[in-house]
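Each value in this text was obtained by applying a stated rule to the coordinates, not by laboratory testing. Here the structure is a predicted model, which means the values were calculated and not measured. Neighbour counts run over all protein chains shown; Cβ positions are idealised from the backbone, glycine included.
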Amino acid sequence: MAEQRSSQWYAGDDRNAYIHRAWMRRGLPRHAFDGRPHIAIANTASDLTPCNAHFDEVATSVKQGVFEAGGIPVNMPVVSLGETLVRPTAMLWRNMAAMATEEMLRGNPIDGVVLLGGCDKTTPALLMAAASVNLPALVIPGGPMLTGTFRGTPLGCGTDVWRLSEETRAGTLSREQFTRSESAMIRSRGHCNTMGTASTMGLLAEALGMVIPGLAGTPAPDSRLLEASHESGRLAVELVRRGRRPSEILTKAAFHNAVVALSAIGGSTNAVVHLLAIAGRLGVELTLADIDRIGAEVPLLVDLQPAGRFLMEDLHRAGGLRPVLREVRDLLDPTARTVTGSRLVDDLDDAEIWDVEVIRPRSAPIREQAGIAVLTGNLAPSGAVIKPAAASPELLRHRGRAVVFDSIEDMHARIDSPDLDVDADSVLVLRGCGPRGYPGMPEVANMPLPRKLLERGVRDMVRVCDGRMSGTAYGTVVLHVAPEAAAGGPLAVVRDGDPIVLDVAARTITVDVPPGELDRRRPSSALLGGLADPRRGWERLYVDHVMQADTGVDLDFLVGSSGDQVARESH
Ligand code: FES
Ligand code: MG
């Protein structure tokens, strides 16, 4: 075995090696520094990230596995992002978490890392960091919550909050009962139990090859999570001994497989920006066009909320990701390898579907051609996305006049006004919500429908936005429009009444005005006045350097890899 990276700190008998060892010898024996792998546990446990609050127990199992395999585990708390609390949106801090984790891995005597990810942004941030340092790494997805029930009905996190609050507004559920449902919804440790972003990214981490096959989707309270965490600790030591790095696992083939999985599970649209960002760290050429093309032929097999019926505990009971992959094996790239060294497609024959209501066989999919569609046109020259599986079929080809909102405040102020000039065919446009404009690209694209139309029974409308949409939401929503309004995209100059044409089959989103007309227009002062212009700190850095949705919303200077070498000593 080659010399460990950590030996650059710990080996020898000079003054610096003495310093490095001495401060670490609070319980660690002398032989901890004899050249055995030091494995960081990148731990996003935080009381403010309730979805990840159980990671200290997970880390304990990882430590036991690392010790058992002859390595030294070191707990490394890293920036943690809780989706429900962090303002203005956790997405603003994803790149900060990735950058901080990357630099702490690079700056410390670490040979490999176990990444503990759960809540939405934590898994992508950790994968981005590991990709850029390129030290041997694997992910333990923290797992979803158990299914809660309230008044006899299962509760899906996120998705059912809207339903219950509507029932309360309608008077069919009392305030007191509404409040009592809180602890029924969040029944256990773990992340949201719908097919939202957290569930999606845990499963995609496995499809990418970065998780022990079969682990992703294991509910957070399930004993098997701890068993697999122990095993992951052992495997991390093995990865270091074999020198198996993320760049060997996260290949173009791996991203291909992740896009196939994303479509088959009906995963969150947020996965698009996360996959693009992770690929960008590795120099893997993955484009929006690839995501459309690869996903286009994949059937939807998993019937989970928000679009479907079941929850993550049901998916796990039905067999988890592996049988889903088995059903679409012919669409997978067989060359991709996982952290275990085997190919993702190996041993899929053993994966069985235990409940065909939750996981449909390939012969009876919920929907054919279920991938996320990528649209372009004069309204989104660099692209936009829509999830047809979450949209109304009759709206996938639609023409309507624009009703434009210049900011989220503008939308809230006017959407329910009886005077709003809107009808069921109108296209609601919300701008100023992109990465740079908001800043941070919040999940606001699925705007509420105008009350007067709701009262007339309208349940869906075409909406267009440069922001994102929660993985727990649905509707005919064109999101991630690039370039965003704040970056000078044509969305900035659309006006009330402009005809907007959506044609998902043709993959286009256009505004039907004479050629050259958009170029002649100038953005309104209401739009410009609402765009973010932070004075200092991370927000300033972010607004100055964030890239657009079509390339993953990373910061321009974080694309690529710095590797694991640090030139200078600190003493
Ligand atoms: Fe953490 Fe939903 S709030 S996964
Ligand atoms: Mg979310």
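List of remarks:
- Convex hull volume per residue in cubic angstrom - Cα atoms of the stretch 15-119: 107 Å³
- Gyration tensor verdict on the stretch 493-571 (Cα atoms; rounded if a/c is under 1.5, prolate if a/b is larger than b/c, oblate otherwise): oblate
- Other residues lying with their Cβ under 13 Å from the Cβ of THR510 contribute a combined charge of -1, Lys and Arg counting +1, Asp and Glu -1.
- Where labels lie 7 Å past Cα in the beta-carbon direction, separation of ARG309 and THR60 in nm: 4.0 nm
- If you look at the Cα atoms of the stretch 36-175, you get an Rg and a Dmax of 18.3, 64 Å.
- Principal axis box of the stretch 279-322, alpha-carbon based, largest edge first, Å: 37, 21, 19
- To the nearest ten degrees, helix 252-265 and the longest principal axis of the Cα atoms of the chain are 50 degrees apart.
- Beta bridges from DSSP with both residues in the stretch 375-551: antiparallel share about 55 percent, rounded to the nearest 5.
- Pair GLU68, ALA170: separation of 7 Å Cα→Cβ label points (nm): 5.1 nm
- Remark: the LYS252-SER392 segment gains 47.1 nm on full extension, using 0.36 nm per residue and subtracting the alpha carbon distance.
- For the pair GLN177 and GLU352 in one chain, pulling the backbone fully straight at 0.36 nm per residue adds 59.0 nm over the alpha carbon distance.
- Unit charges at the beta carbon, dipole of the chain: most positive-side option, GLY383, ALA364, HIS412: HIS412
- When the P(r) of the stretch 134-201 is calculated, the portion above 13 Å amounts to 67% of the C-alpha pairs.
- Debye intensity ratio I(q)/I(0), log10, the stretch 274-413, q values 0.11, 0.18, 0.19 Å⁻¹ (C-alpha model): -0.58, -1.23, -1.30
- Rounded to the nearest 500, the 222 nm mean residue ellipticity of the chain from helices alone is -10000 deg cm²/dmol, with -39,500 (n - 2.57) taken per DSSP H run of at least 4 residues.
- Taking trypsin sites (Lys or Arg not before Pro) across the stretch 52-133, none is in a DSSP loop with at most 16 further Cβ atoms lying within 10 angstrom of its Cβ.
- Stretch gain in nm, segment ARG151-TYR18, where the contour uses 0.36 nm per residue and the Cα spacing is subtracted: 41.6 nm
- Global form of the chain, assessed from the alpha-carbon gyration tensor, a/c cut-off 1.5: prolate
- The coefficient of translational diffusion for the stretch 202-338, derived via Stokes-Einstein from the alpha carbon Kirkwood radius under 25 °C and 0.890 mPa s, stands at 157 µm²/s.
- Summing Cβ point charges (Lys, Arg +1; Asp, Glu -1) relative to the Cα centre of the stretch 1-71 gives a dipole of roughly 260 debye.
- By DSSP, the beta bridges lying fully in the chain are antiparallel in about 45 percent of cases.
- Zone residues, the stretch 221-257, relative to ASP330, backbone N less than 20 Å from point 7 Å out along Cα-to-Cβ: 256-257
- Given charges at Cβ of Lys, Arg, Asp, Glu: the chain dipole, positive-most of PHE255, VAL464, GLY243: GLY243
- Here the peptides 267-279, 307-319 are ranked by packing, the mean other Cβ count within 10 Å, and the order with the highest first is 267-279, 307-319.
- Charge sum, other residues only, whose C-beta stays under 11 Å from LEU453's C-beta, Lys/Arg counted +1 and Asp/Glu -1: -1
- Here the chain is assigned +1 on the Cβ of each Lys and Arg and -1 on the Cβ of each Asp and Glu. Its dipole about the Cα centre then comes out at about 820 debye.
- Annotation: amide H of GLY383 within the under-5 Å range of GLY377, ALA482, sequence separation 5 or more or interchain, hydrogens built in the peptide plane.
- Unpartnered cysteines - no second Cys beta carbon under 4.7 Å - across the chain: CYS433, CYS465
- Helix 122-133 and the longest principal axis of the C-alpha atoms of the chain enclose an angle of approximately 50°.
- Tensor-based shape of the stretch 368-524 (alpha-carbon gyration tensor, a/c under 1.5 rounded, otherwise prolate or oblate): rounded
- A simple packing score, the average count of other Cβ atoms within 10 Å per residue, orders the peptides 222-228, 470-476 as 470-476, 222-228, with the highest score first.
- The C-alpha atoms of the chain define a longest principal axis, and helix 197-207 lies at about 50 degrees to it.
- Note on the chain: dipole from Cβ charges, positive end direction compared against GLY497, ALA289, SER229; the farthest Cα belongs to SER229.
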